[in-house]
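Remarks on the structure that follows.
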Amino acid sequence: MNNATRNNIKLDMSLSDNAVDFIDDDRLTYLIENTEENEAEIERIFEKSKSKQALTLEETASLLAIRSKEGLERLYETAREVKRSIYGNRIVLFAPLYIGNSCVNNCKYCGFRASLGNKTIRKTLNHQELVDEITSLENEGHKRLILVFGEHPKYTPEFIAECVKTCYETKSGNGEIRRVNINAAPLDIEGFRKVKEAGIGTFQVFQETYHKATYRKFHPENDIKGDYMWRLNAMDRAFQAGCDDMGIGALFGLYDWRFEVLGLVSHAIHLQKTYGVGPHTISFPRIQPANGLDRKDFHFVSDEEFKQLVAVLRLAVPYTGLIMTARESEAIRNEVMEFGVSQIDAGTRLEIGAYSKEKDGSQDISREQFMVGDTRELDSVIRWLMNKDFIPSFCTSCYRLGRTGEHFMEFAIPGFIGNFCTPNAILTLAEYLEDYASEETRKDGYALIERELEKMKDSSRRDAVKVKLSKIREGKRDMLY
Ligand code: SAM
Ligand code: SF4
C-alpha cells in the first residue's frame with residue numbers, strides 16, 4: 001500500500017507496511033501437488049480428529065488428497081461424528097441484513113462493484129428503513145443478524161456502530177435482536193475498537209482467495225481491496241484492538257479449492273499461535289451468479305468437491321464454527337449440514353430493504369449482490385431442520401455471558417454442549433414456537449423438545465430446563481445458561 005489515503009478512506013500505513021505474511025503460496029502448492037491418498041495415514045488422522053485436536057497443514061493436505069469412494073465415505077462419517085460430539089445436534093440460525101451496496105472496489109465477482117455504476121441499483125438504508133427491516137426480521141422470529149456493507153467512505157466505523165446500536169434498541173413485541181455480527185471491509189485498529197464498543201459479536205472478513213496471483217486477477221490493484229496484505233492482516237488488527245471473535249472465509253470458485261482450504265487452515269493456525277485464539281467461524285461461500293459476472297473467469301467447485309471441503313475443514317479446525325449460507329440450495333444444505341455445519345442463515349433476502357416489503361420469492365439481480373439458492377422462509381427452514389433431528393437454535397448466550405475467544409475455547413470441552421448449548425437451543429426454540437411459529441411447526445417443535453428432554457442424562461438439568469420451559473409458556477423470555 002503506497003497511499004495513506006485511497007478513495008478518501010484513510011488507511012493505517014504503519015500496519016499495512018509491517019503486515020505479516022503467513023500464507024506460503026509455494027508450500028501450499030507443493031503440498032497439494034505432492035500429497036497422495038494414503039489409507040494408513042488417513043486413518044491415523046481420523047483418530048487424531050476424533051480426539052478433537054486441530055490438524056497440521058500436512059495432515060489437512062492428506063485429507064484433501066482423498067479421491068477413493070471408500071476414503072470419502074470414511075471422511076464424511078468421521079466429520080459427522082466430530083460435529084455431533086462438539087456441537088451436538090443444534091444448528092444456530094441467523095439472517096443477513098444488507099445495509100448498503102455503495103462500493104468503491106471492483107471485485108470481478110460482485111454485483112455491487114463500482115464499475116457497474118447504475119446497472120446496480122444503489123441504496124443505503126436510512127434510520128427509519130433500518131428500523132423497519134429490523135422490526136420485520138424480529139416479527140419473523142430472528143434474534144441474530146449479520147449486517148453487510150459494501151466498502152465506501154460513508155460506511156465508517158461510527159456508521160457501522162450506529163447501525164449496531166439501532167439493531168439492539170429496536171424491539172417489536174417479544175422480539176429483540178440479541179447478537180449483531182458484521183461483514184464489512186477490514187478496518188484499522190481504531191475502527192475495530194469503535195465497533196467493538198458498540199457490542200458486536202463476530203466481525204467477518206473473507207480473504208476471498210489466499211492465492212496471491214489470483215487475488216491480483218480479481219481485485220484491481222488501485223482499489224483499496226487490491227491490497228492483499230491489508231486484508232490478510234485484518235484479523236490481526238482486530239485482535240490488537242481487543243476483539244476476540246472473528247470470522248474468516250474464502251470465496252470458493254476463484255482458485256483451486258484445495259489451496260483455499262489450506263489457506264484457511266494456515267490463517268487459523270496463525271491466529272491460534274499468535275493470539276492464543278483461533279477464528280470463531282469459517283465461511284466457505286461458493287460463487288453465485290451476479291450482475292456482470294463472466295463465467296469463464298471462475299474455477300467452479302462441484303457439489304462433490306464442496307462436500308469434501310466442508311468435511312475436511314470440520315476435521316482440521318474442530319472448535320471453529322462452520323457457516324453455510326443460503327447461497328447453497330436446499331438439496332446441498334440437506335447433504336452437507338450433517339458433517340460439518342454449525343450455523344446457517346434462513347429466510348434470507350439480499351435486496352436492500354426487502355425484509356419489510358411484500359414477499360413474492362423473486363430475486364432481481366440488479367438489486368442484489370448475487371443470487372441465493374435457498375429462498376425458503378424461516379418457519380419452513382426450522383421445520384425442515386427439526387424433521388432432520390436438528391435443534392434450531394437462536395442462542396446468544398456465550399457471547400452475552402462473556403464466553404468468547406480464549407474463554408470460549410476452554411468451554412468447548414466435553415459436557416459443555418449438554419450443560420449449555422442443548423438447553424439454550426431448546427429454550428430459544430420454545431420462544432420461537434410460542435411467539436412466531438406456524439401451527440405445524442409448533443407441533444413438531446414441542447415433539448422435538450420432548451425427545452430432547454428424554455435424551456438428557458442429567459436429571460437435575462432436565463428438571464431445570466422444564467421449569468424454564470413452563471416460564472416461557474407463561475410469557476417470560478431470554479433465560480440464559
Ligand atoms: N464489501 C465487504 C468486503 O468485500 O469485504 C463486505 C463483504 S461482501 C458484501 C460479502 C461477501 O460476499 C464477500 O466477501 C464475498 O466473499 C461474497 N461475494 C461477493 N460476490 C459474490 C458472488 N457472486 N457469489 C457469492 N459470494 C459473493
Ligand atoms: Fe465491494 Fe465487497 Fe463487492 Fe468487493 S465484494 S465489490 S468490496 S461489496
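Which log10 I(q)/I(0) values does segment 28-91 give at q = 0.12 Å⁻¹ under the Debye formula, counting every alpha carbon as one identical point scatterer?
-0.31
Taking N as the number of residues in segment 237-347, what is its Cα Rg relative to 2.2 N^0.38 Å?
Rg over 2.2 N^0.38 Å, computed on Cα atoms: 1.10.
Peptides 460-472, 437-449, 268-280: what's the order by average Cβ count within 10 Å, highest mean first?
Packing proxy ranking, top to bottom: 268-280, 437-449, 460-472.
So what J values fall out for segment 237-248 if you push phi through Karplus, 6.51 cos²θ - 1.76 cosθ + 1.60 with θ = phi - 60°, rounded to Hz, Gly and Pro as x?
Rounded to whole hertz, the list is 5, 4, 4, 5, 8, x, 7, 10, 10, 10, x, 10.
When the Debye formula is applied to the Cα atoms of the chain, each taken as the same point scatterer, what base-10 log of I(q)/I(0) results at q = 0.10 Å⁻¹?
So the normalised log intensities work out to -0.73.
Return a whole-number percent for the relative contact order of the chain, with Cα pairs under 8 Å and 6 or more residues apart as the contact set.
This gives 20 percent for the chain.
Counting DSSP beta bridges in the chain, what percent are antiparallel, to the nearest 5?
Once the DSSP bridges in the chain are tallied, antiparallel ones form about 15 percent.
Express in % the proportion of alpha carbon pairs of segment 66-151 at distances exceeding 16 Å.
The proportion of pairs with Cα distances above 16 Å equals 70 percent.
If the viscosity is 1.306 mPa s and the temperature 10 °C, what Stokes-Einstein diffusion coefficient in µm²/s follows for segment 1-160 when Rh is the Kirkwood radius over Cα pairs?
76 µm²/s
Expressed as a rounded percentage, what relative contact order does segment 68-163 have, with Cα pairs under 8 Å and six or more residues apart?
Computed over segment 68-163, the figure is 36 percent.
Along the charge dipole of segment 327-385, pointing to its positive end and built from +1/-1 on Cβ of Lys, Arg, Asp and Glu, which listed residue (TYR355, MET337, LEU385) has its Cα farthest out?
Positive-end residue among those listed: TYR355.
Between ARG44 and ARG216, what is the label-to-label distance in nm when each label sits 7 Å out along the Cα-to-Cβ direction?
3.8 nm
Mind giving me the nanometre distance, one decimal, between the label points for LYS466 and ASP24, set 7 Å out from Cα along Cα→Cβ?
Label at LYS466, label at ASP24, 5.8 nm between them.
Counting Lys and Arg as +1 and Asp and Glu as -1, what is the net charge of the other residues whose Cβ lies under 12 Å from the Cβ of THR35?
The answer is -3.
For segment 169-237, what's the radius of gyration and Dmax over Cα atoms, in angstrom?
15.7, 51
Give me the base-10 log of I(q)/I(0) for segment 150-265 at each q in 0.10, 0.15 Å⁻¹, Debye formula, one uniform scatterer per Cα, rounded to two decimals.
Listed by q, the Debye log ratios stand at -0.34, -0.71.
Which value in deg cm²/dmol, rounded to the nearest 500, describes the helix-derived mean residue ellipticity at 222 nm for the chain, given -39,500 (n - 2.57) per DSSP H run of n ≥ 4 and division by the residue count?
-13500 deg cm²/dmol
Under 4.7 Å Cβ to Cβ, no partner at all: give me those cysteines from the chain, in residue order.
By the Cβ distance rule, which asks for a partner under 4.7 Å, the isolated cysteines are CYS103, CYS163, CYS167, CYS243, CYS395, CYS398, CYS421.
So which helices of the chain fit the span-like rule, where a helix is a whole DSSP H run, its Cα atoms reach 24 Å or more along the axis, and its mean Kyte-Doolittle is at least -0.5?
257-275
With Cβ to Cβ distances under 12 Å as the rule, what net charge do the other residues near SER115 carry (K, R +1; D, E -1)?
The answer is +2.
Only the coordinates and a few stated rules stand behind these numbers; no lab work does. Remember, predicted model here, so these are calculated numbers, not experimental data. When we count neighbours, we look across all protein chains shown, and the Cβ atoms used for this are built from the backbone with ideal geometry, even at glycine.
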